[in-house]
Amino acid sequence: MLITRRTPSGRTVTLDIPCTPEQFARWESGVLIQNAMPQVPAPLREFLTSGIPPDEWAEMEDAAEDDAANDACPECARSNGPRYRGPCPHGWSAGE
């Protein structure tokens, strides 16, 4: 079933969602999307609910990972991993 949504970034995207019109109507009537169309992969269900297609989610996740890597003290990141957000004994503050 072809579904068109406007993304938060302003693009108009149409995706082929593997659901029936009956399943779509059940979801629109208030049934939880995962119950109305359980065969639809989570990224496509997210597109239906938020308008964010899988490619934009991937871009946002990549940007978040880049931001996370840049926010960690390099010494703490080497010792504890790039996602470490605990106290920094080196006096580091994010964005340095």
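The values are calculated or read from the model by the stated rules, or taken from the named source; none is laboratory data. Computed from a predicted model, the values in this text were never measured in an experiment. Cβ coordinates were reconstructed from backbone atoms using ideal geometry, including for glycine residues, and neighbour counts include every protein chain displayed.
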Task: Lone unmet requirement of (1) modelled with pLDDT of 70 or more; (2) outside any helix (DSSP H, G or I); (3) loosely packed, with under 12 Cβ neighbours inside 10 Å for N35 - done: (2)
Task: Given (1) in contact with a strand residue (DSSP E or B) (Cβ under 6 Å, 6 or more places away or on another chain); (2) farther than 20 Å from E59 by Cβ, number of the condition T14 does not satisfy - done: (2)
Open item on the list: Kindly evaluate R11 against the criterion of being of a type in the set (D, E, K, R) and in contact with a helix residue (DSSP H, G or I) (Cβ under 6 Å, 6 or more places away or on another chain).
Closed with: no
- [ ] Enumerate the pairs (first residue in the range 1-26 and more than 11 Å from G51 (Cα to Cα); second residue anywhere and small (G, A, S)) with beta-carbon separation below 6 Å, excluding pairs fewer than 6 apart on the same chain, so at least 6 apart or on different chains.
- [x] Q23/A36; R26/A36
